[in-house]
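The values are calculated or read from the model by the stated rules, or taken from the named source; none is laboratory data. Quick caveat, the model's predicted, so the values are computed rather than measured. Quick reminder, even Gly has a Cβ in these numbers, built from the backbone with ideal geometry, and neighbours come from all protein chains shown. Surface accessibility is based on the protein's heavy atoms, side chains included, excluding ligands, DNA and RNA. Shrake-Rupley method; radii C 1.70, N 1.55, O 1.52, S 1.80 Å.
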Amino acid sequence: MTALGRRGFLTAGAGVAAGAAVTGGVGAVLAPDAASAHPAAAVPAARAAVPFHGEHQQGILTPVQRSAAFVALDVTAASRAELADLLKTITERARFLTTGGTPPDPGLTAPPRDSGVLGPTVVPDGLTVTLSAGASLFDGRYGLASVKPARLRTMDAFPDDSLRREVCDGDLLLQVCADDRDAVTHAVREIARATRGGMGVRWRQDGFVSPPRPSGTPRNLMGFKDGTGNPDVHDAALMKQLVWAQGTGGEPSWTTGGSYHVVRVIRMLVEFWDRVNLHEQENMIGRRRDTGAPLTASAEFDDPHYENDPTGDVIQLDAHIRLANPRTKASAGQRMLRRAYNYDGGVDANGTLDMGLVFVAFNQDLDRQFVAVQKRLAGEPLTDYIQPFGGGYYFALPGARDSSDWLGRSMLA
């Protein structure tokens, strides 16, 4: 299909889209080799509590849960002190919700202290709450301009994007993930209740992870496995190289233990995609749809060995996996850790299916990793079938070390 065909399709129905599904949005790198949580991409059974305290926040290396909400927020706190109170409140609520327990009895006349969505006792359900700061938080309102992460900015508009700025960026981002949908809904609602007056929702996008079918990495809504090429989250040295900021190289010292957090909501033009023959689909991705194996190999996690196919006779030179991760020595440091989620927003105003991918990636260096890969993907054949429209760049704050610590403390120190 040509770009003209894609634009005709968008004009006929896809362009209005995103709004129906989003309460938020975004677009970017799409398939396997851009990076999620290694074979840890397999969705685990329902979990108990994920430890809240530590050098790093939960929800980054944590094995991917089944459900998620990405909520971008505009801060309305009137002063630096009020911002600190807001971050303390988010931390306190996240600490309780991820640990679980029985909310206190408010007495006969006060409203309940909890919505009751999870019953009388809050169960952790593998819940993680990850808090990240957007570039706009570091403007003149709170005196934070001098401590802004060096590469943090509003999200770039790449040549193949169709960004709608009302569903991009934001002062803060809450990434809320759990094993079940009701636990995500409950956590978003309880944090909103506790912070009313200090921040308001800018955009929201919900997502889900499909179970592995039949095995291996879960699939995206184009039918291909998504996250096969992720770096190993159990390799601490590799995570130090690819995920965690070190507070060096021009970065403020407080950023140590945090990570650049990219969210891109990508609409997939599935009705257009479903008219493409399987051979062409596989050539665009560079993998077999049934097994996830590279076209040059037989199993999902096999090395594609591009050196044995230098002219792209089997895996085309512009195939997605080849551009996203060329597997060269020079590109090794450009890999990122992905936690991709699918979304299904029903239909748009024209009755066209609105669904796609919430691309999520954690990077030590935004420009060296995500941006470099995204530039390499510009103009790939897959761009005829996807429409990035929202999301943002954020910086995931360092973790809360103990019960007396709170997210953002070192940033405001």
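Only one entry in 206, 232, 160, 179 is more than 30 Å from residue 413 (Cα to Cα) and in contact with a His (Cβ under 9 Å, 6 or more places away or on another chain), namely 232. Within the stretch 184-211, the residues that satisfy the criterion of being in contact with a Phe, Trp or Tyr (Cβ under 9 Å, 6 or more places away or on another chain) and open to solvent by less than 60 Å² (accessible area, probe 1.4 Å) are 190, 203, 204, 205, 206, 207, 209.
If you go through the stretch 243-267 and pick out every residue that is farther than 19 Å from residue 400 by Cα and either within 16 Å of the chain's Cα centre (by Cα) or of a type in the set (Gly, Ala, Ser) (or both), you end up with 8.
When the stretch 385-401 is filtered for residues that are among the small types (Gly, Ala, Ser) and part of a strand (DSSP E or B), the ones remaining, listed by number, are 390, 391, 392, 396. Scanning the stretch 144-161 for residues that are within 27 Å of residue 386 (Cα to Cα), open to solvent by less than 70 Å² (accessible area, probe 1.4 Å) and touching a helix residue (DSSP H, G or I) at 6+ places or on another chain (Cβ under 8 Å) yields 151, 152, 153, 156, 158, 160. On inspection, residue 275 qualifies as on the phi < 0 side of the Ramachandran plot, open to solvent by 70 Å² or more (accessible area, probe 1.4 Å) and modelled with pLDDT of 95 or more. Note on the stretch 162-183: residues that are part of a helix (DSSP H, G or I), open to solvent by 10 Å² or more (accessible area, probe 1.4 Å) and farther than 21 Å from residue 139 by Cα amount to 2. Please state which one of 365, 402 is more than 29 Å from residue 164 (Cβ to Cβ) and not aliphatic (A, V, I, L, M). Result of the check over 365, 402: 402.
For first residues located in the stretch 110-125 and loosely packed, with under 11 Cβ neighbours inside 10 Å, partners that are not in a loop (DSSP other than H, G, I, E, B) and lie 6+ apart or on another chain with Cβ distances below 9 Å form the pairs 121/101. Only one of the listed residues (313, 303, 344) is out of contact with any helix residue (DSSP H, G or I) (no Cβ under 9 Å at 6 or more places or on another chain), surrounded by fewer than 22 Cβ atoms within 10 Å (Cβ to Cβ), outside any loop (DSSP other than H, G, I, E, B) and not basic (Lys, Arg). That residue is 344. Residue 398: open to solvent by 20 Å² or more (accessible area, probe 1.4 Å), modelled with pLDDT of 95 or more and out of contact with any Lys or Arg (no Cβ under 7 Å at 6 or more places or on another chain), yes or no? It is false that residue 398 is open to solvent by 20 Å² or more (accessible area, probe 1.4 Å), modelled with pLDDT of 95 or more and out of contact with any Lys or Arg (no Cβ under 7 Å at 6 or more places or on another chain). Among the conditions (1) touching a residue at least 24 places away in the same chain (Cβ under 8 Å); (2) out of contact with any Cys (no Cβ under 9 Å at 6 or more places or on another chain), the only one that residue 202 does not satisfy is (2). Of the residues that make up the stretch 78-95, is at least one closer than 29 Å to residue 356 by Cα and at pLDDT 95 or above? So far as the stretch 78-95 goes, yes, one or more of its residues are closer than 29 Å to residue 356 by Cα and at pLDDT 95 or above. Against the conditions (1) of a type in the set (A, V, I, L, M, F, W, C); (2) closer than 29 Å to residue 267 by Cβ; (3) free of Cβ contacts under 8 Å to residues at least 12 places away in the same chain, residue 297 satisfies every one except (2).
The residue that is farthest from residue 371 (Cα to Cα), among those in the stretch 241-278 that are basic (Lys, Arg) and assigned to a strand (DSSP E or B), is 267. Scanning the stretch 360-383 for residues that are surrounded by 21 or more Cβ atoms within 10 Å (Cβ to Cβ), in a helix (DSSP H, G or I) and out of contact with any helix residue (DSSP H, G or I) (no Cβ under 8 Å at 6 or more places or on another chain) yields 370, 374. The residue of the stretch 238-261 that is surrounded by the fewest Cβ atoms within 10 Å (Cβ to Cβ), among those that are among the polar types (S, T, N, Q) and under 18 Å from residue 338 (Cβ atoms), is 241.
Checked against the criterion of being modelled with pLDDT of 95 or more and touching a Ser or Thr at 6+ places or on another chain (Cβ under 6 Å), the candidates 236, 194 yield just one match: 194.
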